[in-house]
């Protein structure tokens with residue numbers, strides 16, 4: 001049956017004779033219709049494909065690889081000064097790891113409310129609060145549904161985009177329970193139990209030189225070492241020479257990037 005016959009059958013009627021599809025006898029050679037090839041027809045799973053596991057397992061694996069994201073960015077406007085974790089930095093951590101484990105993070109609904117705020121210079125800023133519903137989809141297609149909110153001010157037309165961006169950062173940090181890696185401010189006051197030992201320089205060295213350590217994890221180690229002030233700590237590298245952890249990490253990252261490009 002042709003397209004017309006199928007459509008008529010679905011509508012519960014019968015085509016009259018002149019409505020039936022007929023072969024295009026006058027179609028020029030080479031112009032005949034051919035269906036587009038199925039891009040997945042010859043697909044076979046490869047070594048780099050994610051393991052087909054439920055979404056909660058895939059998300060757990062993402063969290064396991066992203067150990068900490070430090071507050072490495074600074075804001076200062078003359079009156080206020082603080083360190084923070086920007087959305088771009090957080091996405092750079094999560095992007096390659098979610099790809100590795102077959103996880104998609106998709107916004108499926110956004111609810112917004114608006115207000116205005118006067119500035120000291122006499123201008124007006126538009127304030128947006130965005131509540132975003134997210135689907136975290138695993139490699140099997142099953143879904144976790146989460147919801148986060150973000151707020152932003154802007155003098156132009158970008159308050160909505162900024163608020164949605166903050167909501168994304170909140171999703172990844174809160175949904176992933178990602179710590180900053182900074183020292184606990186109460187670490188000097190041990191009231192009960194024993195203080196958990198910190199990581200040694202040698203344990204970082206072993207993780208850096210481990211071939212299974214991903215490039216994304218190497219970036220995270222750099223942030224962690226900066227937070228605990230161990231970048232300049234010297235260790236014996238894989239050939240027995242003394243090298244700082246910072247140098248070892250950067251060299252290893254570069255060598256693996258070059259090896260992947262070949």
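Bear in mind that the values in this text are calculations on the coordinates, not laboratory data. Because the structure is predicted, anything quoted here is derived from the model rather than measured. Backbone-built Cβ (ideal geometry, glycine too); neighbour counts: all protein chains shown.
Overview of results
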read-out	value
Burial order of peptide ranges 159-165, 254-260, 211-217 (average beta-carbon count within 10 Å, highest first)	159-165, 211-217, 254-260
Gyration tensor verdict on region 201-261 (Cα atoms; rounded if a/c is under 1.5, prolate if a/b is larger than b/c, oblate otherwise)	oblate
Virtual spin-label span in nm between residue 81 and residue 202, 7 Å along Cα→Cβ	4.0 nm
Ranked by how many other beta carbons lie within 10 Å on average, peptides 87-98, 120-131 from highest	87-98, 120-131
Three-way shape call for region 67-170 based on the alpha-carbon gyration tensor, with the a/c threshold at 1.5	oblate
Segment residue 258-residue 52, extension gain: residue separation times 0.36 nm, minus the distance between their alpha carbons	71.2 nm
FRET E, pair residue 113, residue 229, Förster distance 41 Å, beta-carbon r, rounded to 0.05	0.45
